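> First the structure, which I've put down as structure tokens, then a few questions once you've had a look.
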Amino acid sequence: MGRIIVFANQKGGVGKTTSAANLGAYLAEEGKKVMLVDFDPQCNLSSSVGADVQNTGIYELITGQSPFNSCVQETSVKNLKIIPASPDLSGATVELVEVTNREYYLKEALLSIKEDYDYIFIDCPPSLGILTLNGLTAADEVFIPLQTEYFALEGITQLMQSIKMVQRSSNPALKIGGIIFTMYDSRTRLAQDVVKEVVGYFGNLVYKSIIPRNIRLSEAPSHSVPINQYDPGCAGAKSYHELAKEVIQRG
Ligand code: ADP
Ligand code: MG
């Protein structure tokens, strides 16, 4: 039975997309079957693995316009596939407001493939709107990427409130799967203090593999491949590989 994991944090630029792409790539490299689901109209996850966003994707899938098979694309990494987003997806934020059960659309769409993949990763936009609500409703677990900076915990209270609301309504089984530190700079005292504070708050939920700030991670998307195919020897690649092993091991 696959694990559906949603990457959520309503702050932008904290590493949701980078983590979904690279953790997914290393899980695939470890032999796991991974499906990436780009649920952000900005399509960053799709372009970072070279998917064609002009093709049918998640919007056509959730609206029932296209069958599953025509919405999936292969990537350059074996075992790693993607259902891309398209700018049309931003229309869904308006269209879904009108319909009943609007938070269940993604869940319904993913139900039939849950058995076929070990990991299904949903990448959300930087907001707590209807798309993220669909992500939280569809998922078994939330992964929360946190940047190790002063305002890291700002907004987390709101995210926790949204998670609790979803647990009370559309998805009682939703768990917090883990906190992932990103863009860590070991030279700064501040980054170390933030890690301590967050570990104090979340305890074991914090993954031990911390992702450093690493320029190669920000370059890889422009080459349309995850970091394991761009620069597997860099510090960022090694940290995502470690994280993948930790995710498998924690089960
Ligand atoms: P989000 O999806 O939360 O908005 P992204 O994953 O798109 O965040 O990351 C924001 C920006 O930071 C991107 O340009 C990305 O390439 C860059 N980035 C992400 N993680 C790192 C890192 N560990 N080191 C350096 N740059 C990073
Ligand atoms: Mg993103």
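The values are calculated or read from the model by the stated rules, or taken from the named source; none is laboratory data. Fair warning: this is a prediction, and the values are worked out from it, not measured in the lab. Cβ: placed from backbone, ideal geometry, glycine included. Neighbour counts: every protein chain shown.
> Pull up segment 118-157, narrow it to residues that are charged (D, E, K, R) and under 13 Å from the mean Cα position of the chain (by Cα), then point me to the one that is nearest to ligand 2 (Cβ to nearest atom).
Asp123
> Related question: With the requirement that a residue be more than 11 Å from ligand 2 (Cβ to nearest atom) and either farther than 10 Å from Phe121 by Cβ or of a type in the set (Phe, Trp, Tyr) (or both), what does segment 11-46 give you?
Asn22, Ala25, Tyr26, Ala28, Glu29, Glu30, Gly31, Lys32, Lys33
> Here is a further query. If a residue has to be among the charged types (D, E, K, R) and in contact with a Gly (Cβ under 9 Å, 6 or more places away or on another chain) to count, how many in segment 33-54 make the cut? Quick ask: steps written out before the conclusion?
Initially, segment 33-54 is screened for residues among the charged types (D, E, K, R), giving 33, 38, 40, 52.
Within this subset, residues satisfying the condition of being in contact with a Gly (Cβ under 9 Å, 6 or more places away or on another chain) are 33, 38.
Residues that pass the stated criteria total 2.
> Follow-up. Return only the number of the condition from (1) within 11 Å of ligand 1 (Cβ to nearest atom); (2) assigned to a loop (DSSP other than H, G, I, E, B); (3) among the polar types (S, T, N, Q) that Thr17 does not satisfy.
Checking Thr17 against (1) within 11 Å of ligand 1 (Cβ to nearest atom); (2) assigned to a loop (DSSP other than H, G, I, E, B); (3) among the polar types (S, T, N, Q), the one that fails is (2).
> Now for a separate question. Please enumerate the residues belonging to segment 36-89 that are without any contact (Cβ under 8 Å) to a residue 12 or more places away in the chain and within 16 Å of ligand 1 (Cβ to nearest atom).
Hits for segment 36-89: nothing passes.
> Here's something else I'd like to know. Only one of Asp123, Asp118, Asp140 is closer than 22 Å to Asn79 by Cα, touching a residue at least 12 places away in the same chain (Cβ under 8 Å) and crowded, with 22+ Cβ neighbours inside 10 Å. Can you tell me which? It would help to see each step written out before you state the result.
Working: Asp118 fails: crowded, with 22+ Cβ neighbours inside 10 Å; Asp140 fails: crowded, with 22+ Cβ neighbours inside 10 Å.
Of Asp123, Asp118, Asp140, the one residue that is closer than 22 Å to Asn79 by Cα, touching a residue at least 12 places away in the same chain (Cβ under 8 Å) and crowded, with 22+ Cβ neighbours inside 10 Å is Asp123.
> If you don't mind, there's one more thing I want to ask. State all residues of segment 135-157 that are in a loop (DSSP other than H, G, I, E, B) and either within 14 Å of ligand 1 (Cβ to nearest atom) or at pLDDT below 95 (or both); if no residue qualifies, say none. Break it down into steps so the answer makes sense when it comes.
Taking segment 135-157 and keeping what is in a loop (DSSP other than H, G, I, E, B), we get 139-140, 148-155.
Matches in segment 135-157: Thr148, Glu149, Tyr150, Phe151, Ala152, Leu153, Glu154, Gly155.
> A further question follows. Report, by residue number, each residue of segment 77-111 that is among the polar types (S, T, N, Q) and surrounded by 14 or more Cβ atoms within 10 Å (Cβ to Cβ). Lay out the reasoning, then the answer.
Pass one, segment 77-111, residues among the polar types (S, T, N, Q): 79, 86, 90, 93, 100-101.
Matches in segment 77-111: Asn79, Ser86, Ser90, Thr93.
> Among Thr93, Thr56, which is the only one that is among the polar types (S, T, N, Q), under 16 Å from Gly135 (Cα atoms) and in contact with a helix residue (DSSP H, G or I) (Cβ under 8 Å, 6 or more places away or on another chain)? Working first, answer last.
Details: Thr56 fails: under 16 Å from Gly135 (Cα atoms).
Within the list Thr93, Thr56, the selection yields Thr93.
> Continuing with the same structure: Being under 22 Å from Leu36 (Cα atoms), assigned to a loop (DSSP other than H, G, I, E, B) and either near ligand 1 (Cβ under 9 Å from one of its atoms) or among the charged types (D, E, K, R) (or both) is the filter here, so list the residues in segment 205-235 that pass it. Write out each step before concluding.
Within segment 205-235, the subset under 22 Å from Leu36 (Cα atoms) is 207, 209-211, 216-232.
Subsequent filtering for residues that are assigned to a loop (DSSP other than H, G, I, E, B) retains 207, 209-211, 224-226, 231-232.
Within segment 205-235, Ile211, Asp231 qualify.
> Out of everything in segment 158-189 that is part of a loop (DSSP other than H, G, I, E, B) and among the hydrophobic types (A, V, I, L, M, F, W, C), what residue ends up being farthest from the chain's Cα centre (by Cα)?
Taking segment 158-189 as the starting set, the residues that turn out to be part of a loop (DSSP other than H, G, I, E, B) are 169-174, 183, 185-188.
Next, from what is left, pick out any that are among the hydrophobic types (A, V, I, L, M, F, W, C): 173-174, 183.
Details: Ala173: 18, Leu174: 15, Met183: 16 Å.
Per the criteria, the residue is Ala173.
> Could I ask something else about it? Count, please, the residues in segment 173-200 that happen to be touching a residue at least 40 places away in the same chain (Cβ under 8 Å) and either surrounded by 18 or more Cβ atoms within 10 Å (Cβ to Cβ) or at positive phi (or both).
9
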